[in-house]
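The next block holds one structure in the form of structure tokens; read it before the comments.
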Amino acid sequence: MAQINPSILSADFARLAEEAQAVEGADWLHVDVMDNHFVPNLTLGVPIVESLSRATSTPLDCHLMIEDADRWAPQYVEAGAGSVTFHAEAAAAPVRLAREIRAKGARASMALKPATPIEPYEDLLPELDMLLIMTVEPGFGGQSFLDIMLPKIRRTRELISRHGLELWLQVDGGVSESTIERCAEAGADVFVAGSAVYGAKDPADAVRALRAKADGAIASAGWACGH
Ligand code: DX5
Ligand code: ZN
């Protein structure tokens, strides 16, 4: 089964609690944390994640686009995130960090920017609960999906199968009704969608439509979804 994670980056930041409640049928709420150093944009930090986690029953999927992830990521677990994603490019000790996130009680996830290959990280995969393949350059919502990431999604799905892992494979950036099936067919099973959900007239409906498309594509794809 596909999981759909709306990104509140495309929501109204003055009404975050209501915006979170508007997608309560979603699996996770994707929270983009940006520090204006790792990416050229600034969003929110620990105090807002803390408040948001009290305002919704949907678990929080925090995507940290910040430098010095080793120092900050554990604080997002303490703030109430159910899943914390750090960038491979921003972590000095990814294995130690993944273990710390898990030990504190959250799912540990690592993200790769478009130009970062998966192959050097093959041996790290058992330490992770999810891998995020960025399908745009991180920093902004509403960008066009990068088709050239499909082979990386495919190769990652092959690695997951070859090692018999239960790792979830998330895609983020430009995911919409017109691109989600390509991602699912290539091997993704967790889908972040910002503008495609919050730009829609009815965000909850948009989540349902994305889920139906992804589920259909997963069912007819050759790879086996573990959840
Ligand atoms: C981009 C963020 C995404 C963003 C996706 O750096 O990581 O989560 O919100 O937005 P859309 O779905 O509009 O591309
Ligand atoms: Zn994101």
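Details
- Label point distance in nm, Ala92-Phe13, each placed 7 Å from Cα along Cα→Cβ: 2.9
- Using the rule -39500 (n - 2.57) for each DSSP H run of four or more residues, divided by the residues of the chain, the 222 nm mean residue ellipticity is -10000 deg cm²/dmol.
- Annotation for segment 168-227 versus segment 4-35: alpha-carbon center distance of 16 Å.
- Between Asp123 and Ile48, the contour length at 0.36 nm per residue exceeds the Cα-Cα span by 23.6 nm.
- The chain: Lys pairs at Cα distance under 29 angstrom, eight or more positions apart or on different chains: 5
- FRET efficiency, Glu177 to Lys104 (Cβ-Cβ, R0 45 Å, nearest 0.05): 0.80
- The chain has equivalent-ellipsoid semi-axes of 23, 22, 16 Å, by the square roots of 5 times the alpha carbon gyration tensor eigenvalues, sorted largest first.
- P(r), alpha carbons of segment 2-66 - 10 Å bins starting at zero, rounded %: 22, 57, 20, 1
- Mean separation of Cα contacts under 8 Å (6+ apart) over length of segment 134-177, as relative contact order %: 59
- Portion, in percent, of the accessible area of the chain that falls on carbon or sulfur, probe 1.4 Å: 50
- The chain, accessible area per residue, ligands and nucleic acids excluded (1.4 Å, Å²): 41
The values are calculated or read from the model by the stated rules, or taken from the named source; none is laboratory data. Everything numeric in this text was worked out from a predicted model, so none of it was measured. Every residue, glycine as well, gets a Cβ built from its backbone with ideal geometry; the counts of neighbours run over all protein chains shown. Calculation scope for accessible area: heavy atoms of the full protein, side chains included, ligands and nucleic acids excluded. Shrake-Rupley method; radii C 1.70, N 1.55, O 1.52, S 1.80 Å.
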